[in-house]
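Taking it in order: structure first as C-alpha cells, then the write-up.
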Amino acid sequence: MIDLKDITVTFDTPNGPVNAVKDVSVSIGAGEIYGVIGYSGAGKSTLVRTINMLQEPTQGSVIVNDKDLTEMPIQGLRQVRKKIGMIFQHFNLMNARTVAGNVAYPLKHSDLSRQEKEDKINSLLELVGLADKANAYPSQLSGGQKQRVAIARALANDPDILLCDEATSALDPKTTQSILELLKDVNQSLGLTVVIITHEMSVIKEICNRVAVMEDGHVIEEGTIFDIFSNPQAELTKNFIESASPIEKGIQKVLNHPELLNIGPNDRVLRISFAGASTGDPLISMLAERFAVRANILFGNVEILQNTPVGTLLISMEGEAGDVQKAIDFINGQGISAYEYDLEEYFQEGGKA
C-alpha cells in the first residue's frame, strides 16, 4: 500500500540545512497497522507527512497504492489525499460546528445527496460510539470523545489509509486504551491501513503489527512487534521497551534486595525468557524432578505479543553444583533463552545488568 523509497527531507534554516529525515526506505502492507516510534525531533512526523505529501521529500519516492505521488500534479494529489485520512494529537475540531457538522465537513464537495450525507454521518458516529452526540459541540466533549469525532471525520471520504500523529498523547491511559481499541476495530472492519506515530512503546505494543524505530532522522531498527520486543538490537529500542514493560524494573528491584528473597551465597540466579507453546510448560517442577535442584521464582511476567505468549522468569537455583549445571544445560537445550547473572559483578556495576 505504501512504499517510501530513499526519502530525505532537508529544511533550510538560518544556521544552515537540517536533515530531518535521512535516506529512509519503508514498505507498509495493505491492512497493516504500522508504528513509527522515536523521541521528539527523531523525524517520525516529518517522514509520515510525506505519505500524503503534506511534506514534500527533498529526494526519494512516495508510492501509495502503486501511484508515485512525487510525480503527480497538484490536482491529482488532491484526489489521492481524499483517500488518506489523518488524525492529530489536539483533535483539530471546529468549535463552532456540531459533532455532526465536523464529520460533514470533508463531504462538502462530494457527489452524495443530502440524505446520503446524513446517512454516512450517522453511520460514522455509530461506528465511533457517538451516535447520541451528533448535536453536541466540541466544548461539551471529553478528550476521548473529541478524538472519536476526529476519527469519524477522517473516515468520511472512505480512505484506504489512516495516519495517526501522536493521536493518544493528550489522553489519559484509560481513554488511550479505548481509542486504540477503536482504531483496531476500524482497521479490521474497514480494512484500513493504519500508520501510527508515537513516542510511547506501550501504544506500539498494544496495536501495531510492525514498527520502525527512528533516531536522528534514520530508521535504526524495524521488525514485527514480536521480534522487536523479544530480541531488540538497538540501545534506543531497548530503552523504549523498558518504558513499556514492568519486566526490567521488576527484575532490578528484586536483584537489589536479595536479603528479602533468601538468595544464598552459592545460589545461581537466571533470567529465563520463553515464547509460544513453551510458555505453558511446567519448567520449575521439571527441574526439581529431574535434577534434584530447588528453583525459587523471584519474579515472573507473561505478555501477549501478536497473539503469542511471551514469558520472563527470574529464578534462583540451589543444589549440588553439578546438578545445577545440568539443570541449566537442560534449560538451554529446550530452545529457551537463559541468562545467568553474576551478582557480584551486578552490584559492582551499581545494580545494572
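Within the stretch 38-61, can one find any residue that is under 21 Å from N187 (Cα atoms), touching a Lys or Arg at 6+ places or on another chain (Cβ under 7 Å), in the same structural domain as L163 (by TED's automatic domain parsing) and hydrophobic (A, V, I, L, M, F, W, C)?
no
Report, ordered by the first and then the second residue, all pairs with beta carbons closer than 8 Å, sequence separation of six or more or different chains, a first member in the stretch 291-320 that is in contact (Cβ under 8 Å) with a residue 40 or more places away in the chain and outside any strand (DSSP E or B), and a second member that is surrounded by fewer than 20 Cβ atoms within 10 Å (Cβ to Cβ) and hydrophobic (A, V, I, L, M, F, W, C).
Q306/F226
Out of V99, V103, V48, V80, report the one residue that is buried (at least 22 other Cβ atoms within 10 Å of the Cβ) and at pLDDT below 95.
V48
If I ask for residues that are more than 31 Å from the chain's Cα centre (by Cα) and over 24 Å from Q147 (Cα atoms), which ones from the stretch 72-108 would you list?
The answer is M72, P73, I74, Q75, G76.
Write out, first by first residue and then by second, each pair whose Cβ atoms fall under 8 Å of each other, whose residues are 6+ apart or on separate chains, and whose first residue, in the stretch 114-134, is aromatic (F, W, Y) while the second is at pLDDT below 95.
none
Here is a yes/no grid of residues against (1) surrounded by fewer than 20 Cβ atoms within 10 Å (Cβ to Cβ); (2) charged (D, E, K, R); (3) more than 19 Å from A167 (Cα to Cα):
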residue: V195; (1), (2), (3): no, no, no
residue: V211; (1), (2), (3): no, no, no
residue: T224; (1), (2), (3): yes, no, yes
residue: T237; (1), (2), (3): no, no, yes
residue: K249; (1), (2), (3): yes, yes, yes
residue: P258; (1), (2), (3): yes, no, yes
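Check the stretch 109-120 and report whether any residue there is within 29 Å of the chain's Cα centre (by Cα) and either in the same structural domain as S45 (by TED's automatic domain parsing) or of a type in the set (V, I, T) (or both).
Looking through the stretch 109-120, none of the residues is within 29 Å of the chain's Cα centre (by Cα) and either in the same structural domain as S45 (by TED's automatic domain parsing) or of a type in the set (V, I, T) (or both).
Restricting attention to the stretch 228-237, and to residues there that are assigned to a helix (DSSP H, G or I) and touching a Lys or Arg at 6+ places or on another chain (Cβ under 9 Å), which single residue is modelled with the highest pLDDT?
Per the stated criteria, the residue is I228.
Just to be sure I understand the filter: pairs with C-beta atoms under 9 Å, separated by 6 or more residues or on different chains, first member in the stretch 234-262 and at positive phi, second member modelled with pLDDT of 80 or more and of a type in the set (S, T, Y). Which pairs pass?
N262/S316
Just to check your reading of the model, which residue among V310, V293 is crowded, with 17+ Cβ neighbours inside 10 Å and modelled with pLDDT under 85?
Sole residue among the options that is crowded, with 17+ Cβ neighbours inside 10 Å and modelled with pLDDT under 85: V310.
Let me spell it out: the conditions are (1) touching a helix residue (DSSP H, G or I) at 6+ places or on another chain (Cβ under 7 Å); (2) surrounded by fewer than 16 Cβ atoms within 10 Å (Cβ to Cβ); (3) outside any loop (DSSP other than H, G, I, E, B), and I7 meets all of them except one. Which number is the exception?
Condition not satisfied by I7: (2).
Please return the ranges of helices (runs of 4 or more DSSP H) entirely within the stretch 123-227 where 1 or more residues are not assigned by TED's automatic domain parsing to the domain that holds N92. Explain how you work it out, then say what you get.
Numbers: elements: 143-154, 173-190, 201-207.
Here the list is empty.
The values are calculated or read from the model by the stated rules, or taken from the named source; none is laboratory data. For clarity, every value in this text was computed on a predicted model and none was experimentally measured. Every residue, glycine among them, receives a Cβ derived from its backbone with ideal geometry; neighbour counts consider all protein chains shown.
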